[in-house]
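The values are calculated or read from the model by the stated rules, or taken from the named source; none is laboratory data. Since the structure is predicted, the reported quantities are computational estimates derived from the model, not experimental observations. Here the Cβ positions follow ideal geometry from the backbone for every residue, glycine too, while neighbour counts run over all protein chains shown.
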2 protein chains.
Amino acid sequence: MYVSVSRLRVDPERSAELVAAFRRRASLVDSHAGFVDLQVWRSDRDPAEVLMVSRWLDRDSFTAYMKSADHRVSHGRIDRELKKAIKLERLEQLQTYEVVAE
Amino acid sequence: MYVSVSRLRVDPERSAELVAAFRRRASLVDSHAGFVDLQVWRSDRDPAEVLMVSRWLDRDSFTAYMKSADHRVSHGRIDRELKKAIKLERLEQLQTYEVVAE
């Protein structure tokens, strides 16, 4: 299994708005080959820290999605003002992992 | 759902050993009330970075486990030399999250 983690920092006052946006996401990713699941995690010590965690069968499935039109569409749907609030804090960081034990 | 992430840094030469140790873990946690699952993630860009990710029904289940004898026993089982290799790099960091969307 392969995991992608996008670490966002958002103005704490807009954290609820970001979470709401995730809840009404287009779910375009869900039908992609190799997609396992996606969760959004918010730190309970620092509400400014929000992680978007998606799991894939393998690295190839993930990279195929990242190059897809659906990925571009998903990003395009994010509200412009919200996008600015995220970017002002810190650039989005993407980290990837192999699941090596469970 | 509630997530606990322990971020370890280990000498890359000992990364495989750490993963092997996780694979033969005692699994004492698995029977605790509220335990969902546990995975070990290794960065594919930096094998020194290993995350231990455990998911729980809620925060209370997690804190009850952290105070339990089973948690102490699990930590006690870690090989002394391996423990040193982890600690030399950086102190273990524990971060916790609420799952806010999926």
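Restricting to segment B:73-102, and then to whatever is acidic (Asp, Glu) and part of a helix (DSSP H, G or I), can you tell me which residue is modelled with the lowest pLDDT? Spell out the reasoning first.
Start the filter on segment B:73-102 by keeping residues that are acidic (Asp, Glu), which leaves B:79, B:81, B:89, B:92, B:98, B:102.
Imposing the further condition that a residue be part of a helix (DSSP H, G or I) reduces the set to B:81, B:89.
Details: B:GLU81: 72, B:GLU89: 54.
Going through the qualifying residues, I end up with B:GLU89.
When you check A:ASP58 against the structure, is it within 14 Å of chain B (Cβ to nearest Cβ), surrounded by fewer than 17 Cβ atoms within 10 Å (Cβ to Cβ) and over 27 Å from B:LEU57 (Cβ atoms), yes or no? Give the steps one after another, and end with the answer.
Working: within 14 Å of chain B (Cβ to nearest Cβ): yes; surrounded by fewer than 17 Cβ atoms within 10 Å (Cβ to Cβ): yes; over 27 Å from B:LEU57 (Cβ atoms): yes.
Here the answer is yes, as A:ASP58 does meet what is asked.
Taken together, the residues in segment A:45-65 that are at pLDDT below 90 and in a loop (DSSP other than H, G, I, E, B) amount to 4.
Among residues belonging to segment A:16-44 that are in a strand (DSSP E or B) and within 9 Å of chain B (Cβ to nearest Cβ), point out the one that is surrounded by the most Cβ atoms within 10 Å (Cβ to Cβ). Spell out the reasoning first.
Kept after step one, since they are in a strand (DSSP E or B), are these residues of segment A:16-44: A:35-43.
From what is left, the residues that are within 9 Å of chain B (Cβ to nearest Cβ) are A:37-43.
Details: A:ASP37: 11, A:LEU38: 18, A:GLN39: 18, A:VAL40: 23, A:TRP41: 26, A:ARG42: 23, A:SER43: 17.
Among them, the one singled out is A:TRP41.
Among the residues examined, A:GLU13 qualifies as away from every other protein chain (no Cβ under 14 Å) and part of a helix (DSSP H, G or I). Of the numbered criteria (1) closer than 22 Å to A:VAL3 by Cα; (2) modelled with pLDDT under 95, the one B:SER31 fails is (1).
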